[in-house]
Amino acid sequence: MLRAEVEKQLGDFRLTAEFASTGRVTALFGPSGAGKTTIVNMIAGLVRPDRGRVVLDDTVLFDSTERVDIPAYRRHIGYIFQEGRLFPHLSVARNLDYGRWMNGLTFDAGEQDRVVALLDIAHLLDRRTGRLSGGERQRVAIGRALLTRPRLLLLDEPLASLDAARKAEILPYLERLRDESGVPMVYVSHQADEVRRIAGTVVHIDDGKVAAVGGVELLGRVTDAVPRETVHR
C-alpha cells in the first residue's frame, strides 16, 4: 500500500495532497497543471516535499518530521515518462537491460523472457530505438522499468505523446500489465476514457488539492479537463 501526505510550494502554486493507494492501479486524474506530475515526482524521490510523509508498504520513503528521505535510486520504484526516454544509441535489448544493470541486479533470463512476452516486443530486440513507433517505444520503456523489479510503477501520462492509433495499440498492453505483472501502479492522466479502462481507484486532483477519491464512477461527476497554460504539472 502507498500512502502519500505531501505539501509543496512552487512559486505562487501550492500543492497539498493526501491519499492512499491500495488497489492494482490508482489514477491521479485532473487537468494539466493540477499538480499530478509533481505528486508522482515526490513519490519517486525526484522532488522533495516541503512537508509530509510518503510510505510504501512498511517502508517510510520520506518523513519531514523524522528527517527521512530515501534517495530515488534506493526506493525501488519504476517510472515511465511521457516520452519513454530510451537511449537512441542502444538496441532495444540493451535498453531493456540498462535499468537492471544500473541497479546492480542479477540477470534473470526467465524474467526477461516473461516481460518481453507480456509486452510483445521479442521482434524488436535487435532494433535501435529510433526505428520504433511511439507505441513500441513506450512498451520498451515499460519493459525496462519492470526489469528493475520495482515495488511500484509510476506512469506519468504514458499515452499523452501518442496519436489515437498508437493509443489504441498500447492500451491493451497496459491492461495486461495491470492484470499480469503483479506490480501496483499509479497512473497519471487527464483523459477519462484511459482512466476508465486502466484504474480501479481514482484520485481527482484539482488546483493542487485532492478534490475527491473514489472508483471510476467518480469520472462521471468530473468534467474531462482542458489543459491549462501553466508551468507546474
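Read-outs: derived from the displayed coordinates by stated rules, not from any lab. None of these values were measured; they are calculated from a predicted model. Here the Cβ is made from the backbone with ideal geometry for all residues, glycine too, and neighbour counts use every protein chain on show.
Tabulated data
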read-out	value
Within a Gaussian network of the chain (alpha carbon springs, distance under 10 Å), most fluctuating of ASN41, ASN103, ASN95	ASN103
Under the Karplus curve 6.51 cos²θ - 1.76 cosθ + 1.60, θ = phi - 60°, whole-Hz ³J(HN,Hα) for region 122-130, x wherever Gly or Pro sits	4, 6, 9, 4, 8, 7, 6, 5, x
Under 23 Å from LYS209, Cα to Cα: lysines that are on another chain or at least 8 residues apart	LYS8, LYS36
Axial C-alpha extent at least 20 Å, average Kyte-Doolittle at least 0.5 - helices from the chain (DSSP)	none
q = 0.12, 0.17 Å⁻¹: log10 I(q)/I(0) that the Debye formula gives for region 2-221, counting C-alpha atoms only	-0.63, -1.23
Once the Cα gyration tensor of region 62-147 is diagonalised, semi-axes √(5λ) in Å	27, 15, 11
Highest average packing first - 4-14, 167-177, Cβ atoms within 10 Å	167-177, 4-14
Virtual spin-label span in nm between THR22 and PHE87, 7 Å along Cα→Cβ	4.2 nm
Of ALA27, ALA122, ALA199, the one that fluctuates the most in a GNM where the chain has Cα springs shorter than 10 Å	ALA122
Local electrostatic count, ARG100, Cβ distance below 10 Å [Lys/Arg +1, Asp/Glu -1]	-1
Relative contact order %, the chain, counting alpha carbon pairs below 8 Å whose residues are six or more apart	32 percent
Full-stretch length increase - THR65, ARG114 - with 0.36 nm per residue and alpha-carbon distance subtracted	13.5 nm
Within-10-Å neighbourhood charge of SER181 [Cβ basis; K, R +1; D, E -1]	+2
Most fluctuating residue given options ARG74, ARG166, ARG178, as computed from a GNM of the chain linking Cα atoms under 10 Å	ARG74
